[in-house]
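Engineer: Mind having a look at this structure? Questions to follow.
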Amino acid sequence: MTTERARLMIPGPVDVEDDVLQALAQQVRPHYGDAWLEIYGEVIEHLRQIFGTQNDLFLMGGPGTAALDAALGSLLRTGDKVLVARNGFFGDRLVAIARAYGLDVRQVSAPLGQPVDPQAVRQALSEEPAIGALAFVHLETSTAVLNPVQAIAAAAREFEVPVVVDAVSSLGGVPLPVDEWGIDICVSVINKCLACPSGVAPISISPRAWEQVARKGERAHGWYLNLGIWKEYAESWSSWHPYPTTLPTNIIYGLLVQLRRIVDSGLEAHYQRFCDAAQTVRSGLDHLGFEFFTPESCTSPLLTAVRGLPGMDVEDLRRYLVDEWQIMVSGGLGELRGKLFRVGHVGKASSPEYVNRFLEGMEAYLRLQGLNSSPNRGGK
């Protein structure tokens, strides 16, 4: 057993590059003034490329859940109807957020490990009048399912219903053209596919979403999580402080370092690294006889959900990987706890060093436990 820090192969947070860490270690910058606004502006422009948007884009200090709160709480008011399309733990969290605001929640559900059906969303919208917004998760990290955003958003547009997408685990890892697909509010974080420390949640807001926020008027929820407040500061304080509170400037500067790397390498190359890592991990696990929880047709390249072998103690496996191989993977959430483990492919987890060490550790564990690891016993 060693006290060496575990390498992170979880959905997030992720291990980041050394130059990002060095940026964090610099002296603190003020969150206003010409020099800072130049940094802030460059960050916003790079993020626009990744979001694929010309919409308003804010950097909200806090976790992705804070920005999701802001999205639902700003678009809707107590008693308004919202449709949540859910197929896992984080879809359920959207339901909980909506209920916490006193919203009238209607649901479309899909089984764990299966994507949301756009036709079911369309049917629900046709049967339910006065839906104020549709909300759903792009990458449901509890199962590794990548939901079909484009088709779901297209169904909502047929009924002129604003679309809120939780892209916390997907943006910057797979293409998500916000404007082209008609996403009205898109929420993400920087500590997953963008491989930075946690603390900032980028959020984009479309003109159609702003129109609905304005119609709700003075009955807005909260202050900091009220997107109308953010818009007010973006417009009236644009020359020196276009946000309502102090920003975590060192984290944002570290984000700039990482965004420059992504843009310089090209988005397609950035995405391909995750795909290559996922393919190598899945091929290795398939060879060892593991089965995957999610069908290949809807599995994200950013995360793999793996069923434990018969007789395997999944939590013991996870402890072994940390203690003996300094690799951390995630377990199952909710009813899937103890039944599967989840391997992330973003940040440094996409590197051959991490991938090879993980597969070596898996093979060693199977030998140690005397578990059947005959090649191709399982399958995809």
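The values are calculated or read from the model by the stated rules, or taken from the named source; none is laboratory data. None of these values were measured; they are calculated from a predicted model. Positions of Cβ are backbone-derived with ideal geometry, glycine not excepted, and every protein chain shown enters the neighbour counts.
Engineer: Could you give every pair whose Cβ atoms fall below 8 Å, whose first residue belongs to the stretch 342-356 and is in contact (Cβ under 8 Å) with a residue 24 or more places away in the chain, and whose second residue is of a type in the set (Phe, Trp, Tyr) and not in a loop (DSSP other than H, G, I, E, B), counting only separations of at least 6 or pairs across chains?
Structural biologist: Pairs that qualify, where the first residue is in contact (Cβ under 8 Å) with a residue 24 or more places away in the chain and the partner is of a type in the set (Phe, Trp, Tyr) and not in a loop (DSSP other than H, G, I, E, B), are VAL343/PHE358; HIS345/PHE274; VAL346/PHE274; LYS348/TYR354; SER350/PHE274.
Engineer: Go through the residues of the stretch 227-238 one by one and say whether even a single one is surrounded by 20 or more Cβ atoms within 10 Å (Cβ to Cβ), among the basic types (Lys, Arg) and at pLDDT 95 or above.
Structural biologist: No, every residue in the stretch 227-238 fails to be surrounded by 20 or more Cβ atoms within 10 Å (Cβ to Cβ), among the basic types (Lys, Arg) and at pLDDT 95 or above.
Engineer: For LEU317, state whether it is assigned to a loop (DSSP other than H, G, I, E, B) and over 23 Å from VAL137 (Cβ atoms). Outline the logic, then answer.
Structural biologist: Values: assigned to a loop (DSSP other than H, G, I, E, B): no; over 23 Å from VAL137 (Cβ atoms): yes.
In short, no.
Engineer: Which one of these is surrounded by fewer than 22 Cβ atoms within 10 Å (Cβ to Cβ), within 19 Å of the chain's Cα centre (by Cα) and either not hydroxyl-bearing (Ser, Thr, Tyr) or not assigned by TED's automatic domain parsing to the domain that holds ILE185 (or both): LEU72, LEU24, LEU68, LEU8?
Structural biologist: Only one candidate qualifies: LEU8.
Engineer: Could you list all residues from the stretch 200-218 that are more than 25 Å from GLU180 (Cβ to Cβ) and either crowded, with 19+ Cβ neighbours inside 10 Å or touching a Ser or Thr at 6+ places or on another chain (Cβ under 8 Å) (or both)?
Structural biologist: Once the filter is applied, which keeps residues that are more than 25 Å from GLU180 (Cβ to Cβ) and either crowded, with 19+ Cβ neighbours inside 10 Å or touching a Ser or Thr at 6+ places or on another chain (Cβ under 8 Å) (or both), the stretch 200-218 yields only LYS216.
Engineer: Are there strands (runs of 3 or more DSSP E) fully within the stretch 157-217 with at least 1 residues that are modelled with pLDDT of 95 or more and of a type in the set (Asp, Glu)? List them.
Structural biologist: The qualifying strands (runs of 3 or more DSSP E) are 163-166.
Engineer: I'd like to verify a number: residues in the stretch 74-118 that are β-branched (Val, Ile, Thr), touching a Gly at 6+ places or on another chain (Cβ under 9 Å) and in a helix (DSSP H, G or I), how many?
Structural biologist: Total satisfying the criteria: 1.
Engineer: Taking VAL149, is it farther than 9 Å from ALA85 by Cβ, surrounded by 18 or more Cβ atoms within 10 Å (Cβ to Cβ), at pLDDT 95 or above and not assigned by TED's automatic domain parsing to the domain that holds PHE292?
Structural biologist: yes
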